[in-house]
């Protein structure tokens, strides 16, 4: 989140008191905690991250340990989220599921952003045949409903978390690339870029020093929503059997595990992993909205 | 206008072409050896090379691609060995159930989104607006398959007031005569209220689960567009001519807010297609989505291949229709494209 603290001057935070250089932390704090919904989202994410990191240390149990004698137990002090049909502790599996989702989601957001930025900036800055070909490729990816293409990629590369992650990244690249391309195009004729060019700055210096800082906010908003999208899609892929394979603890596959027990009274097996997905995705979406609202107070409705 | 039209159509065709390459690469070129998949690990090299020849796998890659594409567009989608049926038959027989589910999910999403967007932008009512925003976030963040399960737990398992998974109509209700294959519509056509009601009750939970994400998308867009349109000067003119505030809001602001919302049709269709895959699994709904998941689990990818390219075609087609509609409805777009 530290990228937020250095917004270019053009994006002055109108709705807030002027941010001095010394107030970077204050700016980040007001961004994350300044509005009730955003504060709640930050806290929820912090709790999930804490569970992912500390959970397995504090509550150290084996997520794959089968204990048939303890199968299908209600939530209790010994098993706060109950146990599944193999007697595995759901809290432990929830924590490991959080580890997986909270590792994959930022990976997708960052790698997708890096690849999308390269494609989008090259297309926007150089234009010509590269622009045509790369944008056609992006259109081909966008021609699929994202989950469906992610399914195809996962089938092609062989089921598992790694293929699923690659599939989700591929579907996310065009979103970044298109944004970055139009940003680059609109920046091209702006006076400060022309000034830099007139001063003799090389193309790569202009991109690094002038274009990239300018598009960071765009990347941040897009990245936060891709974060949520990645968690949701990883769970959906896991649910249909293409993502994490048993006995890996992943939220989507945990829901599959509890599928047949949900309507026979063992509601807890499916409830908790789903709540994990819901809270993580919603928190990311709320923060994406918050960043958008702060950076561009006119768009997206006032908070 | 003609240039606008042909440009958009060519763009759509180019997208489908690109999509078919992607589908070919991931579903035909990369995954292992299809001949080995059919014959099993113990097959002799002779048998495999014979099947290679038969399946055309020793042809150059562009020949294989061409065969793949021409087979798809001429309706030869292959044969599903596990079901003993051609893929076309399988998808065709299951399509009505999916269409019906998608239709009701969309209706539900549309009606609630319009209502809530109208109410939340009418005058300044922070409570309704807050609830709408919260519902939109809930809709965007809830995995549809999990929502379906939770609804089943509450309304079927605990309260017992709605039917469980696995059926589209009550056991004791005679099926309406088959016309479209969509039970609610067939029941209406046959004038059979009992069948309609039963089919409708069976649709409630799956349609709600499938539609919630689309509702969230729609209500966010509509709300933002309505707020934007509400600041336009023409509304002041309409009001100063003596029109009531609510009438102006509904009759003049809403249609204008719809126009930019139209561009989200493709996104909504994508959500309905992707959502149907997981929701049908939960409700054991005999549609295409369930067929796809079952085929994945049986490692029978012929169905999946056809489905993936089909959904891309549907997605590109609806985007094209929306683009063209947009040109018809909004002269500014048409003019802009012509110059």
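For the reader, a short list of remarks on this structure follows.
- The stretch A:278-290: number of residues that are touching a residue at least 24 places away in the same chain (Cβ under 8 Å), over 14 Å from residue A:39 (Cβ atoms) and more than 12 Å from the chain's Cα centre (by Cα): 1
- Residue within the stretch B:121-136 that is surrounded by fewer than 19 Cβ atoms within 10 Å (Cβ to Cβ), in contact with a helix residue (DSSP H, G or I) (Cβ under 6 Å, 6 or more places away or on another chain), part of a loop (DSSP other than H, G, I, E, B) and more than 10 Å from chain A (Cβ to nearest Cβ) present: yes
- Failed item, numbered, when residue A:206 is tested on (1) more than 22 Å from the chain's Cα centre (by Cα); (2) in a loop (DSSP other than H, G, I, E, B); (3) surrounded by fewer than 22 Cβ atoms within 10 Å (Cβ to Cβ): (2)
- Selected residue (only one of A:286, A:263 is surrounded by fewer than 22 Cβ atoms within 10 Å (Cβ to Cβ) and over 25 Å from residue A:115 (Cβ atoms)): A:263
- Members of the stretch B:137-162 that are in contact (Cβ under 8 Å) with a residue 40 or more places away in the chain and assigned to a loop (DSSP other than H, G, I, E, B): B:142, B:143, B:162
- Taking the criterion of being surrounded by fewer than 24 Cβ atoms within 10 Å (Cβ to Cβ), within 9 Å of chain B (Cβ to nearest Cβ) and in a helix (DSSP H, G or I), the residues of the stretch A:149-168 that qualify are A:155, A:156, A:157.
- Given (1) surrounded by fewer than 23 Cβ atoms within 10 Å (Cβ to Cβ); (2) within 14 Å of chain A (Cβ to nearest Cβ), number of the condition residue B:170 does not satisfy: (2)
- If you go through the stretch B:285-310 and keep only what is surrounded by 15 or more Cβ atoms within 10 Å (Cβ to Cβ) and without any contact (Cβ under 8 Å) to a residue 40 or more places away in the chain, you end up with B:292, B:293, B:294, B:296.
- If you check A:258, A:276 for being under 20 Å from residue A:238 (Cα atoms), at pLDDT 90 or above and either part of a helix (DSSP H, G or I) or more than 8 Å from every other protein chain (Cβ to nearest Cβ) (or both), only one passes: A:276.
- Check on residue B:158, at the interface with another protein chain (Cβ under 10 Å from one of its Cβ atoms) and either over 17 Å from residue A:261 (Cα atoms) or surrounded by fewer than 20 Cβ atoms within 10 Å (Cβ to Cβ) (or both): yes
- Of all the listed residues (B:102, B:11), the sole one being at pLDDT 90 or above, assigned to a helix (DSSP H, G or I) and within 14 Å of chain A (Cβ to nearest Cβ) is B:102.
- Entry remark, the stretch A:122-148: residues being under 22 Å from residue B:27 (Cα atoms) and not in a helix (DSSP H, G or I) number 3 in total.
- In the stretch B:74-99, the qualifying residues are those that are touching a residue at least 60 places away in the same chain (Cβ under 8 Å) and part of a loop (DSSP other than H, G, I, E, B), and the one that is surrounded by the fewest Cβ atoms within 10 Å (Cβ to Cβ) is B:81.
- Looking at B:282, B:316, B:277, just one residue is within 11 Å of another protein chain (Cβ to nearest Cβ), in contact with a helix residue (DSSP H, G or I) (Cβ under 8 Å, 6 or more places away or on another chain) and without any contact (Cβ under 8 Å) to a residue 40 or more places away in the chain, and that residue is B:277.
- Filter result for the condition that a residue is under 24 Å from the mean Cα position of the chain (by Cα) and at pLDDT below 95, over A:248, A:264: A:248
The values are calculated or read from the model by the stated rules, or taken from the named source; none is laboratory data. Quick caveat, the model's predicted, so the values are computed rather than measured. All Cβ positions, even for glycine, are placed from backbone atoms using ideal geometry, and neighbour counts span all protein chains on display.
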